[in-house]
Amino acid sequence: MTALLEVRALRVSFPATAGELRPVDGVEFTVSRGEFLALVGESGAGKSLTGLALLRLVPPPGRIERGSSLRLDGKDLLTLDSDELRRVRGGRIAMVFQDPGTSLNPVLRVGDQIVETIRAHSAKSAREARGRAEALLTEVGLGDAEGCYHSYPHQLSGGMRQRVMIAIALAAEPQLLIADEPTSALDVTVQAQILELLDDLRTRHGMAVLLVTHDLGVVAERADRVAVMYAGRIVEEAPTARLFAAPAHPYTAELLASLPRLRGPRAPLRSIPGAMPTPADWPTGCRFRPRCPRAFSPCTDDPPITSLGGGHQVRCWLAAPDSQAAP
Amino acid sequence: MTEPLLSVEALVKHYPPHGLLKRRGPVRAVDGVSFQVAQGETLAIVGESGSGKSTLARVLLRLEPATGGRIVFDGTDISTLDRTALRALRRRMQIVFQDPSSALNPRMTIGDAIAEGLEIHRLVPRSEIRGRVDSLMNEVGLDASRADRLPREFSGGQKQRVGIARALAVGPSFLVLDEPVSSLDVSVQAQVLNLLLELQRSRGLAYLFIAHDLAVVRQVAHRIAVMYLGQIVETGATEALVAEPRHPYTQALISAAPEPDPSVRESRIILAGEPPSPSAPPTGCRFHPRCFHPARDARCFEEAPQLRPVGASLVACHHAGTTR
Amino acid sequence: MSALWRDPAGRLGVILFGVLLALAALAPLVLPDPRAQPDITHGTLLAPSLAHLLGTDHDSRDVLSRLASGGRVSLSIATGAVALSITLGALVGLVAGYAGGRTDAILMRLVDAALAIPRLFLLLLIVGVMQRVPLGVLIVTIGATGWFGTSRLVRAEVLRLCTMDFVRGAEALGAPRRRIVFRHLLPNVAGPLAAATTLAVGDVVLLEAGLSFLGLGVQPPTPSWGGMIFDAKPYIVTAPWISIAPGVAILLTVLSVNLIGEALERIAGREGLVA
C-alpha cells in the first residue's frame, strides 16, 4: 500500500494567558491508499484538532507550528496557496463532522448544498451537477433521491442528514475521507447503517478513511490500523487485531479493560483513576504517568517511540529496549 | 414475596399537538408502560431516541404529570399526591441527570448544591450541614476540601459525582439515573459505574437505569426492559435477554452494538428505514415497518401485540419464539 | 468585578464613572455654592479662569459648582429610575419565564402593548399635564416606563435556564418555587441583567436631560445638566462654555456606563454558563 498522507511532527498551538498551549504535540502517522485508519482518544486528547489541521482548518487563534509536515502524495500541504488549498479541500481530502444538525446550512435545500461542492470542483453544467447529486444521494442509501434533493435539512432525520454529509463529501471524489465522530450523535441502529455505508463506499471508490473517534467498538470492527492518542500525542499505533489482542501501552490496556462488553462473560470493570489532564496541566515526562499502574523511574522523562515489529509502535519506557522494566 | 418498591401500571404520557394547524396527532411519548422494580434491584430501560425513556424518567418523578396510568411507590399511589405529600416523596425518590454540565447551577458552589436537599427539607441542623456534605463527598470519591468551588472547576466525571452526592443527600431508597454515563469519557464511565454499584451495595438502593448503551447496562442491571416508541417490547433478566433476545428490535440493538473485539465477527442485522416519530406511530405492532422477522405478516400490521411470556422473558411480538 | 477591571474598556468606564460620581458627591463640599451669585454686575458670563474653572453663567453662578450639583440631581434620577425599572423588569421577567402558560401570555401581551407606546411621548404627556413635577414623581415615572425591555430580556434568559437540568434537579429535590426563582434563576440572570442596568443608566441620563432641556423635567432653580443646557440656549455663541460643560458631562457619563455595560456583556458571555 502506498502512502497517501504523511503527517510528521504535527504541532498545533494556541496562545494562552500563561504562555502557549499545544493540544497537538508532535503527532505522526501515515495513511495509505484505501486504508482505514482510526485515530482514537478521549475528549481533550487532541484528535479532532488533528483532523482539522490536516485540512488547515484549525480555528484561530490556533495555528499549526513551523516544523510540522503534512504531505499528500508527496505534496506539501502547508505551503499551498489558497487556490491550491481550495482544490485539495473536498477534491482530494474531504471531511464529515460529528453533528449533522449544525453541519448543513438550514436555509438551503439539501440538493443545492451538494451541487455547490460538485460545481466548485468540476466544470459540470447545472444539469449535469444535479444529475450527479441525485446519483450520490442514491449511492448513500437515501431511497427517495429526488425528494431528498428538494428537502431542507430540518425535514430529514439525523441519520439521513449524516448521509447527506457523506454525499457532499464524496461529491468531488476525494482520495481521503476524514470522519470526525460521524456517528456519536446518532442512535446505535443508525450508527450501524452509517458505518456499513462508509465501508461500502470505501471499497467501491478505493478511498482511504481516517476515522476520529472515542468508540473502540466501532474501531475494532472496521479499522485496518489504530492510533491511540493521549494528551496531544500518539502513544500507540498498530494493526487493529494486534492492538486489541496485545496492547503494549498501559493506557491502551487499561482503556480496553474499562470497557463494558456485551458479549462474552460479564466481568467487573477496571477503571483508570483520575482524568486525562488538559494541555495546561500536562505533567513533565510521560503524560500518562500519574495514572499509570506500571509507572517507574524513567517515566519522568519523555518516553521514546519503540517499534515492536509488524507495524506496531509504542511510546513507552516499558517497551524501550534497554529499560529495566519487566515486560 | 416482598412487595416491589416501585410498580408502574399502564403509564401514559401524551403531549398535545403543537402549532396552529394541528396537523399531527398528539405526541405519545409514553404509551402504556408497565413494570416493577424491587428493593435494591436495578432495572434498566433501554431505548433509542424517540423511545420515550427520558419522558418516563420525568413522569416517574412527578416532574411532569402523567396523562394516564398509575405509579405505586412503596405501597402508595403517587400519581395523585398533593403538594405536601409530594414533598415528602422527594426525599425517597431522586434523579441523576445525563449532562453533568447542565445538571449543576454554575453560580452555586458544589457544597451548596449537595446541601440543597438538606436545606429544603431541614434534615439536619445548620451547624451539621458542612459535616454531612463532607461525608457525602467522601462517599462519592470527591475531595471534601473543594466544596467551596464552582462547578466549572471540575471535570465531567467529578461533576457527575457531585450530582450523585446531591441526590443521595436526602437519603432516597430509589434513584432514577437518566443516561448517567453517556456524556462521560470512556475511562471515566467505568469509574462512575463502579461507584454506582458500590453505592447500591452499601446503601441498598434500587435503580432505574435509563440508557441507550446495552453494554453499559449489562454491567449494572439485574433486569432490562427494552422500549420502542413509547412501549416496552421486551423485558427479562439481563444475562438471559442479552444471550437470547426474543424481540426482533432487541436482536437488532444487540447486533448493532459495536464490540471492542476484532475477533468477534458476526453477521450484522442492519435495520431498514428510519426511527419513526412518536406523533405518528405505525398501526398494529409499532415495529412492523422495520421488522425483519421471517414470519412478519398482516397480523403485525393490524394488531398491536401484548407482552407475553416467551422463555424466561416477556415479549411483545406475535411471532417471538415461533420461528428462529 | 475583578474581571471588569481586567477588561481595558471596562476599566476605563469604571474610572470615568468613578470620577463623575466623585465630582457629583464631593464637589458641593469644596466648591462655591451654586446658588450664590457672587457679583451680579461684574460676574456674569465670565469665561473660564482660575477663580471659576468653568466660568460663570448668566446669573453669575459658578458653572463648575452647578455642574456638580446638577450631576447629583441627574445621577440620582438615573440611579433611582433604573433601580425601579430593573427591579420591575426582573420580577416580571422571572415570573413570566418560570410560570409559563397563561401568566406568561398575559404578562407578555401587557408588555407588548406598553412597548407600542413611545416612551418619550408617554413621559411628555405625564410630565406636561402635571406642570410642576416633584423629583420623586419624575423618578417613579421614568422608572415605571422603562422596565418592559428588561422583562423580555430576563424572560428569555429564564426560558433558556429552565431547559437546564439543574432547575429540574432542584424541583426533584422538592425546592419550593420561591427558592428556584431566587436561588437558581436570579443569580444566573444577574450577568445580562447587570449589563442591561448600566446601559439603562445612560439611557435615563439622556432622557432626563432631554426632558429638562424641553423645560419639562427638573425645574429651576434645581440644577440639572439638561436644565443647564436649556438655560444656556441664548448664550450659545457668546458664552459657549455654559452649554458645553453639561453637554460634555452627559457625554462622559453615557460613555462610561456604556463601556461598563459592554464589558459586562462580554464577561457574561464568557463566563455565563461554561461547559
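Scanning segment A:296-323 for residues that are assigned to a loop (DSSP other than H, G, I, E, B) and either free of Cβ contacts under 8 Å to residues at least 12 places away in the same chain or touching a Leu at 6+ places or on another chain (Cβ under 7 Å) (or both) yields a count of 2.
Only residues that are part of a loop (DSSP other than H, G, I, E, B), more than 14 Å from B:Glu153 (Cα to Cα) and not hydrophobic (A, V, I, L, M, F, W, C) were counted in segment B:103-123, giving 1. Is it the case, given these coordinates, that A:Glu146 is within 14 Å of another protein chain (Cβ to nearest Cβ) and either surrounded by 15 or more Cβ atoms within 10 Å (Cβ to Cβ) or out of contact with any Cys (no Cβ under 6 Å at 6 or more places or on another chain) (or both)? No: the conditions fail for A:Glu146. Only one of the listed residues (B:Ala272, B:Ala316, B:Ala312, B:Ala295) is among the aliphatic types (A, V, I, L, M) and closer than 20 Å to B:Lys53 by Cα. That residue is B:Ala316. If the requirement is being touching a Cys at 6+ places or on another chain (Cβ under 7 Å), of a type outside the set (D, E, K, R) and surrounded by 19 or more Cβ atoms within 10 Å (Cβ to Cβ), which of these qualifies: A:Val24, A:Val110? Only one candidate qualifies: A:Val110.
Residues of segment B:147-161 that are of a type in the set (Lys, Arg) and either buried (at least 24 other Cβ atoms within 10 Å of the Cβ) or within 12 Å of another protein chain (Cβ to nearest Cβ) (or both): B:Arg152, B:Lys159, B:Arg161.
Restricting B:Ala237, B:Ala225 to those that are touching a strand residue (DSSP E or B) at 6+ places or on another chain (Cβ under 7 Å), more than 20 Å from B:His319 (Cα to Cα) and modelled with pLDDT of 90 or more reduces the list to B:Ala237.
Tell me whether segment C:108-119 contains one or more residues that are without any contact (Cβ under 8 Å) to a residue 40 or more places away in the chain, of a type in the set (Asp, Glu) and either surrounded by fewer than 19 Cβ atoms within 10 Å (Cβ to Cβ) or part of a helix (DSSP H, G or I) (or both). Looking for residues that are without any contact (Cβ under 8 Å) to a residue 40 or more places away in the chain, of a type in the set (Asp, Glu) and either surrounded by fewer than 19 Cβ atoms within 10 Å (Cβ to Cβ) or part of a helix (DSSP H, G or I) (or both), one finds at least one in segment C:108-119, hence yes.
Any residue that is farther than 20 Å from C:Pro176 by Cα and more than 13 Å from chain C (Cβ to nearest Cβ) - is there at least one of those in segment B:162-176? Among the residues of segment B:162-176, at least one is farther than 20 Å from C:Pro176 by Cα and more than 13 Å from chain C (Cβ to nearest Cβ), which makes the answer yes. Checking the conditions here, which among B:Ile232, B:Ile269, B:Ile254 is within 19 Å of the chain's Cα centre (by Cα) and either among the aromatic types (Phe, Trp, Tyr) or farther than 16 Å from B:Arg308 by Cβ (or both)? Checking each option against the conditions leaves just B:Ile254. Considering only residues in segment B:230-273 that are among the basic types (Lys, Arg) and within 13 Å of another protein chain (Cβ to nearest Cβ), the one that is surrounded by the fewest Cβ atoms within 10 Å (Cβ to Cβ) turns out to be B:Arg265. Just so you know, in segment B:178-187 the residues that are in contact with a helix residue (DSSP H, G or I) (Cβ under 7 Å, 6 or more places away or on another chain) and more than 8 Å from chain A (Cβ to nearest Cβ) include one that is surrounded by the fewest Cβ atoms within 10 Å (Cβ to Cβ), and it is B:Ser183.
Condition check ((1) under 17 Å from the mean Cα position of the chain (by Cα); (2) among the small types (Gly, Ala, Ser); (3) surrounded by fewer than 23 Cβ atoms within 10 Å (Cβ to Cβ)) across all residues:
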| residue | (1), (2), (3) |
| --- | --- |
| B:Ser145 | no, yes, yes |
| B:Ala169 | no, yes, no |
| B:Val176 | yes, no, no |
| B:Gln189 | yes, no, no |
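Kindly establish whether A:Ser32 is under 22 Å from A:Leu211 (Cβ atoms), surrounded by fewer than 19 Cβ atoms within 10 Å (Cβ to Cβ) and under 18 Å from the mean Cα position of the chain (by Cα). Here the answer is yes, as A:Ser32 does meet what is asked.
For (1) within 12 Å of another protein chain (Cβ to nearest Cβ); (2) in contact with an Asp or Glu (Cβ under 9 Å, 6 or more places away or on another chain); (3) over 28 Å from B:Ser183 (Cβ atoms), each residue gets a yes or a no:
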position	(1), (2), (3)
C:Glu171	yes, no, no
C:Gly174	yes, no, no
C:Arg178	yes, no, yes
C:Leu185	yes, yes, no
C:Gly215	no, no, yes
C:Lys233	no, no, yes
C:Ala239	no, yes, yes
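Considering (1) hydrophobic (A, V, I, L, M, F, W, C); (2) more than 22 Å from B:Ala206 (Cα to Cα); (3) more than 9 Å from chain C (Cβ to nearest Cβ); (4) buried (at least 18 other Cβ atoms within 10 Å of the Cβ), the lone condition that B:Ala113 does not fulfil carries the number (3).
I'm trying to understand the selection: among the residues of segment A:146-163, which are part of a helix (DSSP H, G or I) and within 14 Å of A:Arg109 (Cβ to Cβ)? Selection gives A:Glu146, A:Gly147, A:Cys148, A:Tyr149, A:Pro153, A:His154, A:Gln155, A:Met160, A:Arg161.
Let's see how each residue does on (1) modelled with pLDDT under 80; (2) under 16 Å from C:Ser74 (Cβ atoms); (3) part of a loop (DSSP other than H, G, I, E, B); (4) not acidic (Asp, Glu):
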residue: C:Val189; (1), (2), (3), (4): no, no, no, yes
residue: C:Asp203; (1), (2), (3), (4): no, yes, no, no
residue: C:Ala209; (1), (2), (3), (4): no, yes, no, yes
residue: C:Pro220; (1), (2), (3), (4): yes, yes, yes, yes
residue: C:Ala239; (1), (2), (3), (4): yes, no, yes, yes
residue: C:Leu252; (1), (2), (3), (4): no, yes, no, yes
residue: C:Ile260; (1), (2), (3), (4): no, no, no, yes
residue: C:Gly269; (1), (2), (3), (4): yes, no, no, yes
residue: C:Val274; (1), (2), (3), (4): yes, no, yes, yes
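Of the residues in segment B:274-283, at least one is in a loop (DSSP other than H, G, I, E, B), facing another protein chain (nearest Cβ under 8 Å) and in contact (Cβ under 8 Å) with a residue 12 or more places away in the chain.
Residues considered: B:Leu63, B:Leu81, B:Leu104, B:Leu6. Of these, the only one that is within 14 Å of another protein chain (Cβ to nearest Cβ), in contact with a Phe, Trp or Tyr (Cβ under 7 Å, 6 or more places away or on another chain) and closer than 27 Å to B:Leu123 by Cα is B:Leu104.
So, A:Val88, is that one more than 26 Å from A:Met276 (Cα to Cα), out of contact with any helix residue (DSSP H, G or I) (no Cβ under 8 Å at 6 or more places or on another chain) and not in a loop (DSSP other than H, G, I, E, B) or not? No.
Residue-by-condition table, conditions (1) of a type outside the set (Gly, Ala, Ser); (2) within 14 Å of chain B (Cβ to nearest Cβ); (3) in contact (Cβ under 8 Å) with a residue 12 or more places away in the chain; (4) out of contact with any strand residue (DSSP E or B) (no Cβ under 7 Å at 6 or more places or on another chain):
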| site | (1), (2), (3), (4) |
| --- | --- |
| A:Ala16 | no, no, yes, yes |
| A:Thr30 | yes, no, yes, no |
| A:Leu39 | yes, no, yes, no |
| A:Ser43 | no, yes, yes, yes |
| A:Val58 | yes, no, yes, no |
| A:Arg63 | yes, no, yes, no |
| A:Leu70 | yes, no, yes, no |
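Residues in segment C:147-180 that are assigned to a helix (DSSP H, G or I) and touching a His at 6+ places or on another chain (Cβ under 7 Å) were compared, and the one that is surrounded by the fewest Cβ atoms within 10 Å (Cβ to Cβ) is C:Val167.
Quick check, is B:Arg62 more than 25 Å from B:Tyr249 (Cα to Cα), part of a loop (DSSP other than H, G, I, E, B) and basic (Lys, Arg)? Spelling it out, B:Arg62 is indeed more than 25 Å from B:Tyr249 (Cα to Cα), part of a loop (DSSP other than H, G, I, E, B) and basic (Lys, Arg).
The values are calculated or read from the model by the stated rules, or taken from the named source; none is laboratory data. Remember, it's a predicted structure, so these values are computed and weren't measured experimentally. All Cβ positions, glycine included, derive from the backbone under ideal geometry; neighbour counts span all protein chains shown.
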